[in-house]
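Asker: Can you keep this structure in mind? I'll have questions shortly.
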Amino acid sequence: MINFCEDRWKRIEEVYGKWWNHTLERPLAGVVVVKDRYTIRPHLPYITQENSLDLTITPEQIVDRFEAEFSRYEFYGDAFPMMNMDMFGPGVAAAFLGARIENPTGRIWFHPPQEKELAEFAFRLDEENIWWKRLQEIYAAANRRFGKNAVMGMTDLGGVIDILSTFRPGEKLLLDLIDCPEDVKRQHHIVAKLWMEAYNKLQQKNVRGYTDWSTVFSKEKSYVIQADFSYMISNAMFEEFILDDLANSCRELPHTLYHLDGAGEIKHLDSLLRIPELDAVQWIPGDGAKPAQEWMDIYARIIRAGKGVQTNWCDFDAFKEIVRGVENPGAVAHPLFYVAEKDKNIALKFLDELKIER
């Protein structure tokens, strides 16, 4: 049971549409109040990277667990019901291309099927892959259960260069940039095309909209693109090997935001901001870095370039400080704050202070 009516969905579509199109006049923020008791009793632990490879858990049981979670959620502001499908780990598209997947530590890891030179890999999308079929079955089961009452998040496909680094782990891909640059460009372009093929084939028909682990809703196809590998290379190399395929993704998908992960990627920000079709940037300060509200110069650069900013890694007070400190508060988004039932009044006061309709 999902407590979310059609009028709320219409409001979500309108608000997020304005945010993507840079016409929202107030910050975007949503609150999910997690009640202490379940209306529907769960019979399984929540599906995470730790238990996602357990094939004895059926797709229907996974959807049962999502439904149980939905039964204790109250949605306020710009929050909406979504299934976060990141439990198969960051970069699962590597598995669709032949990488081995395992979780010996409770976290998902991907490994090359065998050690080969980069030029020797013949990448293709294997639709008989067990994890590809597993995701298709889960999406189908969720679609049957929820229809347009919830949004099924796209699984964490990963960044194209990050997928390539799965097959050339350690320092190998870094050396390839120098030793065989044309092989890197050719294989990166092939994987980028296969990435888009996987994205399009995993999408379900008759859906309410689109989202992913970023939790940003879109009525049209969208995704949070990334290139975490890029923190290890210069901006010149970033522009030579990665930028063009990122720009192509922005052109092929109606809405995109870039996952800017830590200070090591800031050197690429200006290059990213020059992509006309890129709508927004998700800034992640990273472990041990200054808190989110102390990066106002980064938000200013992004907003001055006409892009939106997502700031999911902060609390209510930090978010309000960020909103107060930028020229265009309507550019700033934190779609889903999850709070305990005891903190409901604090959360509602937060929305009221930002003039966000409950």
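Asker: Distance from the Cα centre of the stretch 171-218 to that of the stretch 229-272, in angstrom?
Answerer: Distance between centres, Cα-based: 12 Å.
Asker: In the chain, what percent of the accessible surface is made up of carbon and sulfur (1.4 Å probe, ligands and nucleic acids excluded)? Can you show the working numbers first?
Answerer: Working: 7580 of 15700 Å².
That share works out to 48 percent.
Asker: Can I ask one more? Taking every pair of Cα atoms in the chain, average 1/r, invert it to obtain the Kirkwood radius, and report Rg/Rh to two decimals.
Answerer: On the way: Rg = 20.3 Å, Rh = 21.2 Å.
On the Cα set of the chain, Rg over Rh gives 0.96.
Asker: On a straight-distance basis, which lysines could pair with K221 in a cross-link, Cα separation under 22 angstrom, same-chain partners fewer than 8 positions away excluded?
Answerer: Within reach: K10, K18, K133, K148, K193, K201, K205, K307.
Asker: While we're here: How much length is gained on full extension from H43 to A340, taking 0.36 nm per residue of separation minus their Cα-Cα distance?
Answerer: Here the segment from H43 to A340 would lengthen by 104.8 nm.
Asker: A further question follows. One quarter of the convex hull surface, Cα atoms only: what value does that give for the stretch 55-97 in nm²? Show your work: numbers first, answer last.
Answerer: Working: hull surface 17.4 nm².
Its Cα hull, projected and averaged over all orientations, spans 4.3 nm².
Asker: Then there is this: Among DSSP bridges having both ends in the chain, what percentage is antiparallel? Round to the nearest 5.
Answerer: Restricted to the chain, the bridges split so that about 30 percent are antiparallel.
Asker: Kindly give the semi-axes, whole Å and largest first, of the ellipsoid equivalent to the stretch 300-346, taking each as the square root of 5 times a Cα gyration tensor eigenvalue.
Answerer: 24, 10, 7
Asker: Which percent of Cα pairs goes in each bin when the distances of the stretch 147-292 are cut into 5 angstrom slices starting at zero?
Answerer: 2, 9, 19, 22, 20, 15, 9, 4, 1, 0, 0
Asker: Quickly rank 326-335, 48-57, 290-299 as a protection proxy: mean count of other C-beta atoms within 10 Å, highest first.
Answerer: Ranked from most to least packed, the peptides come out as 326-335, 290-299, 48-57.
Asker: Another question about this same structure. Where the Cα atoms of the stretch 220-354 are projected onto their three principal axes, how long is each span, largest first, in whole Å?
Answerer: Principal extents (Cα only, largest first): 50, 35, 27 Å.
Asker: Loop only per DSSP, at most 15 neighbouring Cβ atoms within 10 Å: give me the GluC sites (Glu not before Pro) in the stretch 202-266, ordered by residue number.
Answerer: Taking the stretch 202-266 and a limit of 15 other Cβ atoms within 10 Å, the loop GluC sites (Glu not before Pro) found are E220.
Asker: What does the charge count near G330 come to, summing +1 for each Lys or Arg and -1 for each Asp or Glu among other residues with Cβ under 9 Å from its Cβ?
Answerer: Charge balance in the 9 Å sphere: +1.
Asker: What does the charge count near F217 come to, summing +1 for each Lys or Arg and -1 for each Asp or Glu among other residues with Cβ under 14 Å from its Cβ?
Answerer: Net of charged neighbours comes to +2.
Asker: Between the alpha-carbon centers of the stretch 75-146 and the stretch 276-291, tell me the distance in whole angstrom.
Answerer: 24
Asker: Averaged over all directions, how much area does the convex hull of the C-alpha atoms of the stretch 1-67 cover when projected, in nm²?
Answerer: Details: hull surface 27.7 nm².
With every direction weighted equally, the projected area is 6.9 nm².
Asker: Let me ask you something else. In sequence order, what are the phi-derived ³J(HN,Hα) couplings for the stretch 138-152 according to the Karplus relation 6.51 cos²θ - 1.76 cosθ + 1.60 with θ = phi - 60°, rounded to whole Hz, with x for glycine and proline?
Answerer: Going residue by residue, I get 5, 4, 5, 5, 5, 5, 5, 6, 9, x, 9, 8, 8, 9, 8 Hz, with x marking Gly and Pro.
Asker: With every protein chain left in place, what is the accessible area per residue of the chain in square angstrom, probe 1.4 Å?
Answerer: Using a 1.4 Å probe on heavy atoms only, each residue of the chain averages 44 Å².
The values are calculated or read from the model by the stated rules, or taken from the named source; none is laboratory data. Predicted model, so just to flag it, every value in this text is computed and none were measured. All Cβ positions, even for glycine, are placed from backbone atoms using ideal geometry, and neighbour counts span all protein chains on display. For accessibility, only protein heavy atoms count, side chains too; no ligands or nucleic acids. Shrake-Rupley method; radii C 1.70, N 1.55, O 1.52, S 1.80 Å.
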